[in-house]
Amino acid sequence: MMNIIDGKAISKQIKDEVKEKVAALKAQGVTVTLAVVQVGNDPASSVYVNNKKKACAYTGMESESFELPEETTQEELLSLIEELNNRKEINGILVQLPLPEHIDENAVIRAISPKKDVDGFHPQSVGALCIGQPGFVSCTPAGIIELLKRSGIEIAGKECVIIGRSNIVGKPMALLMLRENATVTITHSKTKDLKDVCKRADILIVAIGKPQMITEEYVKEGAVVIDVGIHRREEGLCGDVDFERVSGHCSYITPVPGGVGPMTIAMLMHNCVESVALQTE
Ligand code: NAD
């Protein structure tokens, strides 16, 4: 039987758990605060930033917004981050990507204190994940682990194939699945016989950025299929997976919209509340 994984419902569960933790901290006199930094006014980034601010309001966290003009220099941005690193009442720092071309994204990511790196992009956070030490985990892959666990899907010992090796999805996803004791294969644009490799998967995680590329030819009968892709079309959103063709062949599948998408912000909220403990260690 095919089950559709309800990312909206699971993300709400997580946000409600965060809300309780935020309230408990508030009762102890601690206000959880996320700093949200946006440079320029790219419309897609503005939508993401607004959604993050709304999620803060829902969970009872404070958000402090920094909307900087497109022509902000790298030095100006780095000095704002330095200031936010030093401000005790700021728990998490989120710099919305992409940044304008004249700013080196890696330099900005490195400047954020690993104790406030709620996006989990700092090399120290990624290194900690790699060697199994505590640290922030990138929100989208962390959200996928929650989707699997809260849907009762066993991960240990399963063949997991990930399509895509980006720093924000594919690579941390592979490390997390390894941490959960899956047998992990990462595939990418240079992989040979992609269909055959994917057909081995009990759990297939798709983060390619190509609309509806994955059809039933890539999917083993009864597999779990997680679609990370998001593409805007005139008819509405779609993923990297051809839902119509694949859904009849799998045991579980995430829809687009309403699958992985809502989990990213829920995990950001989760990371913010966890950051409080990290900062008081
Ligand atoms: P990316 O472009 O950085 O990486 C794509 C990866 O896919 C690359 O590693 C590349 O090697 C691989 N690839 C490309 N073409 C391929 C092919 N024909 N065969 C096999 N592999 C191929 O993308 P990303 O940032 O990882 O994002 C992937 C998708 O996920 C995008 O659609 C993006 O919008 C979406 N996304 C969604 C969320 C969310 O919150 N749901 C978060 C991040 C990204």
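For residue 200, what is the net charge nearby, where nearby means another residue's Cβ is under 9 Å from its Cβ and Lys, Arg count +1, Asp, Glu -1?
Working: positive: 199, 220; negative: 159, 196, 202.
Within the 9 Å Cβ shell, the charges total -1.
Along the charge dipole of region 156-208, pointing to its positive end and built from +1/-1 on Cβ of Lys, Arg, Asp and Glu, which listed residue (204, 160, 194) has its Cα farthest out?
Of the listed residues, the answer is 194.
Pick from 179, 87, 233: which residue has the top mean-square fluctuation in a GNM of the chain where Cα pairs under 10 Å get a spring?
Maximum among the listed residues: 233.
So what is the 222 nm mean residue ellipticity for the chain from helices alone, if each DSSP H run of at least 4 adds -39500 (n - 2.57) and you divide by all residues, rounding to the nearest 500 deg cm²/dmol?
-13000 deg cm²/dmol
What residues have an amide H closer than 5 Å to that of residue 159, excluding those fewer than 5 places away on the same chain, when H is modeled at 1.01 Å from N in the peptide plane?
183, 202, 203
Could you tally up the Lys pairs in region 59-208 with alpha carbons closer than 15 Å? Skip any pair fewer than 8 positions apart unless they're on separate chains. List each step's numbers first, then the result.
Details: 88/115; 88/116; 149/158; 158/199.
Counting lysine pairs in region 59-208 gives 4.
Quick one: grab the alpha carbon gyration tensor of region 4-68, order the square roots of its eigenvalues as a ≥ b ≥ c, and give me rounded if a/c is under 1.5, else prolate or oblate depending on whether a/b is larger than b/c. Mind showing how you got there, number by number?
On the way: a/c = 4.31, a/b = 1.20, b/c = 3.59.
Since a/c reaches 1.5 but b/c is at least a/b, the shape of region 4-68 is classed as oblate.
Using amide H atoms built in the peptide plane, which far-off residues or other-chain residues are under 5 Å from residue 3 H to H?
Excluding prolines and chain starts, which carry no amide H, the hits are 252, 253.
Among 146, 64, 101, determine the one that fluctuates most according to a GNM of the chain built with springs between C-alpha atoms less than 10 Å apart.
Looking only at 146, 64, 101, the largest GNM fluctuation is found for 101.
Each residue of region 135-145 in turn: what ³J(HN,Hα) in whole Hz from Karplus with 6.51, -1.76, 1.60 and θ = phi - 60°, glycine and Pro shown as x?
Listing the rounded values in order: x, 6, 10, 3, 5, 5, x, 4, x, 5, 4 Hz.
For region 71-131 and region 153-227, what is the separation of their C-alpha centers, rounded to whole Å?
Centre-to-centre distance over Cα atoms comes out at 29 Å.
None of the figures in this text is laboratory data; all of them are computed from the coordinates on show. Computed from a prediction, not measured in an experiment: that's the story for all the values here. Methodologically, a virtual Cβ is constructed for each residue, glycine included, from the backbone with ideal geometry; neighbour enumeration extends over all protein chains shown.
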